[in-house]
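Inspection log for the structure reproduced underneath, given as structure tokens.
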Amino acid sequence: MRHKDQATFEKIEKFVNDFSDRYDFSPTMAEIADAIGIGKTTVYRYLSQMKKDGVVDYSGFRNVKTTKTNIQSVRIPVLGAIACGIPKFAEENIEEYVKLPVSLFGQGDYFILRAVGDSMIGASIEDGDLVLIRKQDYANEGQIVVALINNDATLKRFYPEPKKHRVRLHPENPEMDDIITKDCEIQGVAVKVFKDLK
């Protein structure tokens, strides 16, 4: 058997991972061969060895996957900006998709919004941060929610006041006042914040 180059093993593994992340399905042997610049027979030999070593699993036309891709992940849309200050319409234009492991936040329907303003700085949500939102139309008292008020969306802490037939949306900034409303539609609950370290 011919000598196999370690760099080629690594290139194949990286290509399979990158391809699967980008397209949500596995590459064919022909696509691997074209990308790496080697023949399909050579790809087959490398994959056979990688399968023996437990690095990849493959069967069928488009079912080559590295064992690392067994981590369950989902594609989540980034929908644009939401106000952390004066309520502002949340554009539902998908800017891009990001792939995140389910183990970080659990099952559910999610989207990501970019925070704008400084009303939630006390909750460590700053201008430009990405906030992961779980889609749901209800919330518990004190949770940070995406609230829709007259077609304006804002990110605030949720405090229902049923005796007064209203909802209080509380900013995490002592310089800002609560928003009091009788008509509030919850779009989702914030579960994580992604930010750059300073």
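For residue 136, the amide hydrogen comes within under 5 Å of the amide hydrogens of 188, 189, counting only partners 5 or more places away or on other chains and with H modelled in the peptide plane. With a cap of 15 neighbouring Cβ atoms within 10 Å, and only residues DSSP puts in a loop, list the chymotrypsin sites (Phe, Trp or Tyr not before Pro) found in the range 99-130. Hits after loop and neighbour filter: 105.
Among the listed pairs 4/40; 11/192; 11/195, those with a Cα-Cα distance over 22 Å are 11/192; 11/195.
Distances between placed amide hydrogens fall under 5 Å for residue 166 paired with 161, all partners being 5 or more residues away or on another chain. Annotation: amide H of residue 152 has no partner in the under-5 Å range at sequence separation 5 or more or interchain, hydrogens built in the peptide plane. The string of couplings for the range 135-148 from the Karplus curve (6.51, -1.76, 1.60, θ = phi - 60°) is 5, 6, 9, 9, 7, 8, 4, x, 6, 7, 10, 8, 10, 9 Hz, one whole number per residue in order, with x for Gly and Pro.
Rounded to whole numbers, the Karplus 3J(HN,Hα) couplings from phi for the range 95-100 are 6, 5, 10, 10, 9, 10 Hz, using 6.51 cos²θ - 1.76 cosθ + 1.60 with θ = phi - 60°, and x at Gly and Pro.
We did not get these values from a lab; they are worked out from the coordinates using the rules stated. Since this is a predicted model, take the numbers as computed values, not measurements. Note that we place each Cβ from the backbone using ideal geometry, even for glycine, and neighbour counts take in every protein chain shown.
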